[in-house]
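The values are calculated or read from the model by the stated rules, or taken from the named source; none is laboratory data. Owing to the predicted nature of the structure, the values given are computational and were not obtained by experimental measurement. Because the Cβ atoms are built from the backbone with ideal geometry, glycine has one as well, and the counts that use them run over all protein chains shown. The accessibility values were calculated without ligands, DNA or RNA, using every heavy atom of the protein model including side chains. Shrake-Rupley method; radii C 1.70, N 1.55, O 1.52, S 1.80 Å.
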Amino acid sequence: MASDAPLIAVDSLSRSYRMGPHRVKALDGVTLRVERGEFVAVMGPSGSGKSTFMNLLGCLDRPDSGRYALDGEEVGRLSSDALAVVRNRRIGFVFQSFNLLPRQTAQANVELPMLYAGVAHAARAEKALAALAAVGLDGRAHHRPTQLSGGQQQRVAIARALVNDPVLLLADEPTGALDTATSLEIMALFQRLNRAGITVVLVTHEPDVARFARRVLSFRDGHLVDDRAQVPEEALA
Amino acid sequence: MTALDALRSALDSLRASPLRSALTMLGIVIGVAAVIAMVAVGAGARDQVMRQIASLGTNLVMVGQGSVVRSGVKLGAGTAATLTEDDATAILNDIPAVTVTAPSVRWGLQIVAGNQNWGTVMFGITPDYMEARDWSIVQGRGISDQDVTQAEKVVVLGQTVVRSLFGGGDPVGEQVRVFATPLTVVGVLGEKGQNTQGQDQDDVIFLPLSTAKRNIPGMAKSNPRFIHSVVVKTHDGADQDEAQAQIRELLRQRHRLIDGQDDDFWMRNLSEVAATRDASSRALSFLLAAVAAVSLLVGGIGIMNIMLVSVTERTREIGLRLAIGARRRDILMQFLIESTTLSLIGAAVGVVTGIGTAMVVAGLAGWPTLIRLDSVVLAVVVSGLVGVFFGLYPARRASRLNPIEALRHE
Ligand SMILES: Nc1ncnc2c1ncn2[C@@H]1O[C@H](COP(=O)(O)OP(=O)(O)O)[C@@H](O)[C@H]1O
Ligand SMILES: [Mg+2]
């Protein structure tokens with residue numbers, strides 16, 4: 001893999017949806033590069049294409065046109081099984097609504113991606129506990145999601161996203177369901193993880209959240225309208 | 001995802017709604033239990049019949065007067081009185097495998113005792129007949145050689161006849177009449193019950209062969225040596241088919257039948273009776289298989305129904321699994337293993353229930369039952385296949401979900 005290539009290289013990426021007789025251009029000709037180790041916030045009003053963009057970056061969806069290379073590899077050409085492997089090993093995804101399996105313990109939820117990576121039973125437990133410790137949840141391994149607060153549930157989800165050591169952490173409004181104080185804690189966690197080396201791309205429509213990133217992308221009507229670097233604020237936690 | 005992990009997660013999700021899982025299995029449980037119990041009862045009954053037949057002796061051949069049925073028309077059955085006592089003697093003397101021949105005549109008639117009247121079947125026999133057909137005597141004595149040579153006017157009664165004429169009292173020494181002939185009752189036969197065709201074997205009376213011929217009107221007087229049939233017994237281990245071929249050859253010779261002419265006698269052995277019985281039990285097995293197929297089909301549809309519900313309920317879970325790296329075939333396998341686990345647990349419960357039911361039936365109704373391993377294996381294998389087959393459609397549906405839409409599902 002060409003390690004001098006940018007982690008994310010996107011050229012003229014477009015995605016449209018059919019809405020009755022119309023076609024909605026959810027994403028229209030977006031081009032950009034993201035280097036390893038960046039912390040990028042994606043902003044924009046509702047319906048501006050942020051989620052569409054994240055789903056494409058996360059290999060959950062395919063573009064209508066344009067190219068996407070992850071770590072130098074053209075993703076558009078991969079089979080659906082190969083894409084599943086990319087999602088499993090190289091990308092971690094965090095959702096607004098956590099998406100934890102409600103009947104499973106925190107540990108079992110974190111182990112889930114390793115099940116599909118073919119990690120042996122004993123190693124799974126060990127790595128899951130380590131990932132839970134890394135997000136500050138040691139001692140909560142046997143709790144079920146209903147026994148955890150929203151912030152704790154999102155931490156479990158982040159641990160799950162990290163457990164296969166991905167190069168890229170994607171989060172679509174990860175603080176959207178959390179109160180301000182908890183949001184700050186979660187942002188502090190993202191900042192810490194980013195400093196430890198992982199590339200983070202995070203969607204938010206709150207400037208309060210975006211100020212912790214080092215780069216802010218702004219979307220409107222499917223276009224990338226602004227791309228600026230900033231000095232991040234320190235989220236203390 | 002390894003098969004073991006998939007199995008564990010299948011059990012997890014079945015445990016999540018135990019009542020629903022149990023109800024879903026019910027169709028399979030009932031189907032499998034029904035198959036195993038019914039096969040056990042059927043096999044037990046068949047086993048009992050086979051043992052009865054075996055106890056009668058498979059080394060018996062019946063030879064009778066009259067041609068075989070050909071193309072639906074019975075050709076002069078019993079018209080020409082060609083089968084004789086001498087044929088019976090010749091079979092005994094000329095065929096080495098034969099140990100006993102018992103000639104007899106048979107006639108339906110009325111028997112009268114005092115003012116009681118009863119319609120029954122009369123056999124004119126020799127003592128060999130009693131031995132060959134395994135008749136026992138419970139009161140008095142049987143037909144003796146002397147009765148036959150002297151044409152004594154004696155009779156031995158079957159249990160049903162005793163009940164009908166004497167109300168179950170001891171008839172030995174009493175006088176009865178058939179047609180105008182008075183006969184002395186000298187003995188009572190042991191009870192035999194129904195035969196395999198359900199006829200009452202005890203509704204019968206035995207007279208000496210000679211007495212029957214001399215005193216029963218309607219017996220063919222043209223040939224005083226004639227008989228209706230002869231029971232031939234071969235020694236144990238003798239080749240039945242060969243003995244039968246030899247008997248046939250001998251009789252054709254004695255009856256001067258030329259090549260191309262039909263036999264004027266019929267032959268039947270008890271293994272053929274057993275074979276007919278076997279055929280009817282095969283028909284029963286076929287019926288059981290049909291019942292089983294229908295109930296397993298219904299069980300399968302129940303599984304499909306619940307799996308479809310489960311796929312819909314767990315759409316978000318499926319979306320999440322796809323998003324974190326499950327391949328489509330991982331999802332397919334997960335749901336297939338779940339439906340198969342469901343049907344196999346149902347089958348296991350069904351096996352236990354079926355065996356239990358068979359044992360209860362055996363205990364309460366007193367029917368013989370026989371648990372057949374092949375029915376158990378077949379029921380379990382078919383249930384597994386039902387789980388796979390009916391799980392396939394819901395599993396495919398799950399594996400084809402779009403992850404983004406699935407994740408957005410409420
Ligand atoms: N599955 C879909 N079908 C139809 N239209 C869609 C679908 N997903 C998104 N869209 C449309 O695409 C546009 C961008 O949506 P989205 O990327 O979700 O925006 P954002 O996340 O920025 O709010 C919106 O107009 C939205 O209605
Ligand atoms: Mg969105």
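Is region A:119-130 home to any residue that is farther than 25 Å from A:ALA82 by Cβ and crowded, with 21+ Cβ neighbours inside 10 Å?
Step one: of region A:119-130, the residues farther than 25 Å from A:ALA82 by Cβ are A:121-122, A:125-126, A:128-130.
Next cut, crowded, with 21+ Cβ neighbours inside 10 Å only: A:128.
Yes.
Restricting to region A:149-193, what's the tally of residues that are in a loop (DSSP other than H, G, I, E, B), of a type in the set (Gly, Ala, Ser) and modelled with pLDDT of 95 or more?
From region A:149-193, those in a loop (DSSP other than H, G, I, E, B) are A:149, A:163-167, A:173-179; that's our starting set.
Next, only the ones that are of a type in the set (Gly, Ala, Ser) stay: A:149, A:176-177.
Filter once more, so that each one left must be modelled with pLDDT of 95 or more: A:149.
Final tally of qualifying residues: 1.
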Taking the residues in region A:176-190 that are over 16 Å from the mean Cα position of the chain (by Cα) and touching a residue at least 40 places away in the same chain (Cβ under 8 Å) as candidates, determine which candidate is farthest from A:PRO232 (Cα to Cα).
A:GLU185
Which number in (1) open to solvent by 10 Å² or more (accessible area, probe 1.4 Å); (2) more than 16 Å from ligand 2 (Cβ to nearest atom); (3) free of Cβ contacts under 8 Å to residues at least 60 places away in the same chain marks the one condition that A:GLU206 misses?
(2)
Of the residues A:SER51, A:SER46, only one is surrounded by fewer than 18 Cβ atoms within 10 Å (Cβ to Cβ) and within 10 Å of ligand 2 (Cβ to nearest atom); which?
A:SER46
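Just for region B:380-410: of the residues that are within 12 Å of chain A (Cβ to nearest Cβ) and small (Gly, Ala, Ser), which one is farthest from the chain's Cα centre (by Cα)? Break it down into steps so the answer makes sense when it comes.
Of all residues in region B:380-410, those within 12 Å of chain A (Cβ to nearest Cβ) come to B:399-410.
Subsequent filtering for residues that are small (Gly, Ala, Ser) retains B:399, B:406.
Numbers: B:SER399: 50, B:ALA406: 58 Å.
Result: B:ALA406.
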Within region A:11-121, which strands (runs of 3 or more DSSP E) (wholly inside it) include 1 or more residues that are within 18 Å of A:THR199 (Cβ to Cβ), more than 9 Å from every other protein chain (Cβ to nearest Cβ) and away from ligand 1 (no atom under 16 Å from the Cβ)?
A:22-34, A:39-43, A:65-70
Anything in region B:112-147 that is within 15 Å of B:GLY187 (Cβ to Cβ) and assigned to a helix (DSSP H, G or I)? List them, or say none.
B:PRO127, B:TYR129, B:MET130, B:GLU131, B:ASP145, B:GLN146, B:ASP147
Condition first: at pLDDT below 90, open to solvent by 90 Å² or more (accessible area, probe 1.4 Å) and more than 33 Å from the chain's Cα centre (by Cα). Can you find one or more residues in region B:231-241 that meet it?
no
Confirm whether B:LYS192 is of a type in the set (D, E, K, R), surrounded by 13 or more Cβ atoms within 10 Å (Cβ to Cβ) and without any contact (Cβ under 8 Å) to a residue 60 or more places away in the chain.
yes
B:LEU364 assigned by TED's automatic domain parsing to the domain that holds B:ALA33 and touching a residue at least 24 places away in the same chain (Cβ under 8 Å)
no
Would you confirm, using the coordinates I've provided, whether A:SER65 is out of contact with any Ser or Thr (no Cβ under 6 Å at 6 or more places or on another chain) and of a type in the set (Ser, Thr, Tyr)?
no
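Could you list, in sequence order, the residues of region A:54-73 that are away from ligand 2 (no atom under 11 Å from the Cβ), touching a residue at least 60 places away in the same chain (Cβ under 8 Å) and under 15 Å from the mean Cα position of the chain (by Cα)?
Within region A:54-73, the first condition is being away from ligand 2 (no atom under 11 Å from the Cβ), and the residues that meet it are A:56-73.
If we keep only those that are touching a residue at least 60 places away in the same chain (Cβ under 8 Å) as well, we get A:57-58, A:68-73.
A:LEU57, A:GLY58, A:LEU70 - these are the residues of region A:54-73 that are away from ligand 2 (no atom under 11 Å from the Cβ), touching a residue at least 60 places away in the same chain (Cβ under 8 Å) and under 15 Å from the mean Cα position of the chain (by Cα).
Residue by residue, here is whether (1) closer than 22 Å to A:ALA108 by Cα; (2) under 19 Å from the mean Cα position of the chain (by Cα) holds:
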site: A:ALA123; (1), (2): yes, no
site: A:ALA159; (1), (2): yes, yes
site: A:ALA196; (1), (2): no, yes
site: A:LEU224; (1), (2): no, yes
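So is B:ARG163 open to solvent by less than 60 Å² (accessible area, probe 1.4 Å), free of Cβ contacts under 8 Å to residues at least 40 places away in the same chain and assigned to a helix (DSSP H, G or I) or not? Reasoning before the result, please.
Values: open to solvent by less than 60 Å² (accessible area, probe 1.4 Å): no; free of Cβ contacts under 8 Å to residues at least 40 places away in the same chain: yes; assigned to a helix (DSSP H, G or I): yes.
Judged against the criteria, B:ARG163 is not a match.
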For region A:126-148, how many residues are outside any helix (DSSP H, G or I) and either in contact with a Pro (Cβ under 7 Å, 6 or more places away or on another chain) or within 14 Å of A:LEU101 (Cβ to Cβ) (or both)?
3
Residues that are under 45 Å from the mean Cα position of the chain (by Cα), over 30 Å from A:GLY58 (Cβ atoms) and aromatic (Phe, Trp, Tyr): does region B:359-370 have at least one?
yes
